[in-house]
Amino acid sequence: MRLALALSAPALLALAAAAAPTGCLPGDTRPEPASILLTVETSAASRDGVKTADGWEITFERGLVSIGDAALDGDACNAYANARYERVFSAPTTGAQKLSLVYGLGQCSLRLRLRSPSSDALLGEGASARDLAALREPGTDAWSAKVAGTSGGKGGPMSGFSGQGGVNGTALRVVGHARKGGIEKRFAWSFRGNVTLKDCGSAAEDGGVTTSLDLHGGDVREIPVTLAPEELFRLREGAEGLAFEPFAAADANDDGTVTLDELAAVVAPAAADADAGPGEMNDAGKASGHDAGGKDGGAHDGGGQHAAGGKDAGGASAADAGAWTAGAGATTLGDLVYLTLAPRTVLVKGATCQVDRQRRGGG
């Protein structure tokens with residue numbers, strides 16, 4: 001035993017000498033960055049309900065949204081650390097919750113992604129592992145199927161789906177009901193695919209609200225993100241822009257539930273027609289088979305060249321664009337809700353964002 005102890009002492013000394021540092025590593029000599037804390041909260045309408053301009057009272061029962069990959073961009077931006085993860089938030093909730101922290105210096109533009117979550121996505125208050133699994137469940141719908149068969153870029157096939165036929169997880173799910181008089185209509189809508197949100201607001205038009213940031217060392221910023229499901233029903237600009245009558249009229253089988261497929265059979269109302277009554281919508285708003293599923297509402301404008309490829313989509317990759325594409329060609333109410341209004345449920349500093357369908361390599 002004494003010999004073993006005697007032999008172990010030099011060995012321990014040798015190990016200690018080997019472990020001792022030969023010199024100090026240089027410190028980080030870069031200037032101190034600015035820090036930007038992003039928080040998420042739900043809108044008052046999502047918590048308390050909202051009355052539309054045409055007299056419907058909408059109540060939101062449950063919402064799930066996966067958002068993240070916050071990053072700073074720009075030629076004059078020095079991004080120190082971006083956030084390469086998502087959080088799943090449950091709505092409605094009270095109070096602000098942390099989304100992520102990013103760090104940078106210079107003239108930077110903030111971007112976020114509204115996307116189906118990865119397996120290691122973090123969970124916000126009220127969101128469960130079961131919610132995460134539900135959002136990750138692969139599936140397809142009329143919009144993702146249309147995008148899957150289109151071409152992107154310079155006419156070549158979209159490779160991002162890797163032969164999966166437009167199958168995506170869910171980024172946003174909204175469940176609720178609307179009442180007017182003795183009538184109640186329910187809705188439970190899931191929106192699949194991924195979109196990048198950037199250039200939120202306008203310094204000139206939104207009272208200085210913008211995500212273009214001039215960041216200096218030591219700055220501490222907080223940027224609030226609001227989840228506002230009521231924007232799904234904003235058929236015209238302004239405070240009086242919410243309407244539900246066209247949605248109620250779309251319930252073709254009158255079973256009390258308004259589905260996305262039923263919305264796809266209704267022509268998107270112009271702003272002036274947003275508060276049209278059920279009779280008017282039935283006469284003028286029902287799409288024919290050609291309008292809803294053919295050239296006008298399907299493979300061409302709703303999910304084809306204008307929406308998913310070529311000039312309007314900027315040569316998007318379907319891996320990142322998913323089913324959400326440009327809304328300029330939306331001809332049905334379903335197109336309008338799915339392609340244009342769903343991304344607008346995420347407000348940054350109270351302002352809507354531009355949708356970017358370019359492929360991104362991550363935060």
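Listing for the model above:
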{"quantity": "Where S90 falls short, out of the listed (1) in a strand (DSSP E or B); (2) among the small types (G, A, S); (3) over 21 Å from W189 (Cα atoms)", "calculated": "(3)"}
{"quantity": "Near pairs, Cβ below 6 angstrom, 6+ apart or cross-chain, from the range 38-54 (closer than 9 Å to P92 by Cβ and touching a residue at least 12 places away in the same chain (Cβ under 8 Å)) to any residue that is among the hydrophobic types (A, V, I, L, M, F, W, C) and part of a strand (DSSP E or B)", "calculated": "T42/A91; T42/L227; S46/F60; S46/A91"}
{"quantity": "Test: residue in the range 104-112 that is within 13 Å of L37 (Cα to Cα) and surrounded by fewer than 18 Cβ atoms within 10 Å (Cβ to Cβ)", "calculated": "no"}
{"quantity": "Residue count, the range 244-272 (criterion: in contact with a Leu (Cβ under 6 Å, 6 or more places away or on another chain) and either closer than 26 Å to S66 by Cα or surrounded by fewer than 19 Cβ atoms within 10 Å (Cβ to Cβ) (or both))", "calculated": "1"}
{"quantity": "Residues (at pLDDT 65 or above and in a loop (DSSP other than H, G, I, E, B)) located in the range 132-173", "calculated": "E137, P138, T140, D141, V167, G169"}
{"quantity": "Residues (surrounded by fewer than 23 Cβ atoms within 10 Å (Cβ to Cβ) and either among the small types (G, A, S) or closer than 14 Å to L37 by Cα (or both)) located in the range 88-103", "calculated": "S90, G95, A96, Q97, K98, L101, Y103"}
{"quantity": "Yes/no for V65 being out of contact with any Phe, Trp or Tyr (no Cβ under 8 Å at 6 or more places or on another chain), buried (at least 23 other Cβ atoms within 10 Å of the Cβ) and within 16 Å of A228 (Cα to Cα)", "calculated": "no"}
{"quantity": "Flag for A127 being outside any strand (DSSP E or B), over 19 Å from V174 (Cβ atoms) and among the aliphatic types (A, V, I, L, M)", "calculated": "no"}
{"quantity": "Some residue of the range 65-85 being over 22 Å from S212 (Cα atoms) and either touching a helix residue (DSSP H, G or I) at 6+ places or on another chain (Cβ under 9 Å) or outside any strand (DSSP E or B) (or both)", "calculated": "yes"}
{"quantity": "Test: residue in the range 225-233 that is touching a Lys or Arg at 6+ places or on another chain (Cβ under 6 Å) and modelled with pLDDT of 95 or more", "calculated": "yes"}
{"quantity": "Subset of the range 342-360 (residues that are at pLDDT 85 or above, of a type outside the set (D, E, K, R) and part of a loop (DSSP other than H, G, I, E, B))", "calculated": "G350, T352, C353"}
{"quantity": "Residue in the range 198-219 that is out of contact with any Lys or Arg (no Cβ under 9 Å at 6 or more places or on another chain), at pLDDT below 95 and not in a loop (DSSP other than H, G, I, E, B) present", "calculated": "yes"}
{"quantity": "Within the range 174-197, tally of residues that are hydroxyl-bearing (S, T, Y) and either touching a Ser or Thr at 6+ places or on another chain (Cβ under 9 Å) or modelled with pLDDT of 95 or more (or both)", "calculated": "1"}
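The values are calculated or read from the model by the stated rules, or taken from the named source; none is laboratory data. These numbers come from a predicted model, not from an experiment. Because the Cβ atoms are built from the backbone with ideal geometry, glycine has one as well, and the counts that use them run over all protein chains shown.
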